[in-house]
Structure formats: structure tokens, C-alpha cells
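Asker: Please read through the structure below; I'll follow up with questions.
Taken together, the values in this text are just the output of simple stated rules run on the coordinates, not laboratory data. Here the structure is a predicted model, which is why all the values come from computation and not from measurement. Neighbour counts run over all protein chains shown; Cβ positions are idealised from the backbone, glycine included.
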């Protein structure tokens with residue numbers, strides 16, 4: 001498991017997880033300009049599916065605050081942030097492992113986004129599969145939770161293809177685009193993931 005020590009420099013670890021067409025890795029300050037460009041170009045597309053964007057949401061100051069919080073979360077084992085890139089180095093999305101809980105639960109929740117032009121082409125499936133593997137093999141979680149808006153059919157189908165179980169609906173679950181909205185709830189346990197992938201532990 002990759003961890004930062006308390007006295008580590010103010011940056012996230014440098015590594016990547018790769019699939020056939022994309023790789024995911026922790027963000028760094030050098031990603032600001034490409035992150036700003038991609039988020040700005042996809043603002044109208046992403047806005048209905050995300051919490052309200054702050055007024056300074058595309059500023060470098062905002063990005064630095066965000067990065068500082070992500071570093072703190074990583075150090076404290078509370079969250080793990082990744083950006084999604086195609087193999088030519090183009091930034092195309094983000095994947096966040098949020099709300100990590102240990103103790104009797106050992107779970108986390110996932111949040112993700114991808115550019116509109118890559119919707120429906122399997123790129124997010126690749127990023128999701130990399131993230132699931134990281135959650136179970138590196139973070140040693142027992143369960144992954146994901147929620148999606150009732151009208152977000154692409155996200156719902158993505159999760160079902162990744163073998164998440166639809167477990168119910170939560171009313172007014174998250175405040176998205178300025179409104180408290182109902183969400184479908186999905187879950188995947190390590191036992192189900194191992195069974196599906198015919199996974200074997202070698203001691």
C-alpha cells in the first residue's frame with residue numbers, strides 16, 4: 001500500500017495504474033492548465049452531475065486548495081485522488097476514492113467524471129476497473145460504494161457492467177447542481193469481486 005509520511009513533501013506519490021488505452025495517477029500542480037482547459041470545455045456537460053461549482057472553481061488558487069486537501073486526505077488515509085489520461089498524455093477525467101473508513105467497515109465511495117467526447121467508448125470502464133483493483137489490492141478495502149442520479153443511465157450501466165449490485169435508492173441523498181437529489185445506491189464487496197475475477201490469493 002502506498003502511503004505518504006507525515007513529514008513528506010507537499011505532493012502526492014508518483015505512480016500510475018495502466019490499462020490498454022488509459023492510465024490513472026495522482027494529480028500534481030503541473031496538471032493545472034490541462035485540468036482547467038478540460039473542465040472549462042466540459043462545464044455544461046458536467047454541471048448537472050456534480051455539486052455546484054464555486055465561482056473560482058477554475059482558478060489556480062482553487063486547484064492548489066484542492067490539491068492541498070487531496071494530499072491531506074492521502075496522508076490521513078481518508079481519500080485517494082487520481083486523474084485519468086489517455087496514453088498520449090491527454091487529461092480526460094478524474095477518479096476519486098472518497099470517505100475511506102477503517103475499523104469494522106473498511107469501505108470507501110467512488111466519484112468520477114470523464115470528458116463528453118469520450119462518453120460511451122469504454123474509457124471510464126477501464127478507469128473504474130483500475131480503481132476497483134487498487135481499492136481491494138492496495139488499500140485492502142472490503143467494500144466499495146457508489147451512488148448515481150436516477151437519470152444518469154450511463155453511470156448506472158457502467159456500474160452494472162463492473163458487477164456492482166444495485167442496492168436501493170436514497171432520497172435527497174446528495175446536493176447536486178444546487179439541489180438535494182435522489183440517488184441509486186450501488187455496492188461491490190471484495191468477495192464478489194474475487195469470485196467474478198476467479199481471483200486467488202497466494203501466500
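Asker: Take residue 90 and tell me if it is within 21 Å of residue 18 (Cα to Cα) and surrounded by fewer than 16 Cβ atoms within 10 Å (Cβ to Cβ).
Answerer: yes
Asker: Strands (runs of 3 or more DSSP E) wholly in the range 134-203 with at least 2 residues that are in contact with a strand residue (DSSP E or B) (Cβ under 6 Å, 6 or more places away or on another chain) and crowded, with 17+ Cβ neighbours inside 10 Å - which ones?
Answerer: 143-149, 179-189
Asker: While we're here: Within the range 1-106, considering only strands (runs of 3 or more DSSP E) that don't extend past its boundaries, which have at least 2 residues that are over 29 Å from residue 179 (Cβ atoms) and either free of Cβ contacts under 8 Å to residues at least 12 places away in the same chain or within 17 Å of the chain's Cα centre (by Cα) (or both)?
Answerer: Correct list: 22-25, 80-86.
Asker: Quick check: is even one residue across the range 111-121 under 20 Å from residue 152 (Cα atoms), touching a strand residue (DSSP E or B) at 6+ places or on another chain (Cβ under 7 Å), exposed (fewer than 15 other Cβ atoms within 10 Å of the Cβ) and touching a residue at least 60 places away in the same chain (Cβ under 8 Å)?
Answerer: No, there is no match, as no residue in the range 111-121 is under 20 Å from residue 152 (Cα atoms), touching a strand residue (DSSP E or B) at 6+ places or on another chain (Cβ under 7 Å), exposed (fewer than 15 other Cβ atoms within 10 Å of the Cβ) and touching a residue at least 60 places away in the same chain (Cβ under 8 Å).
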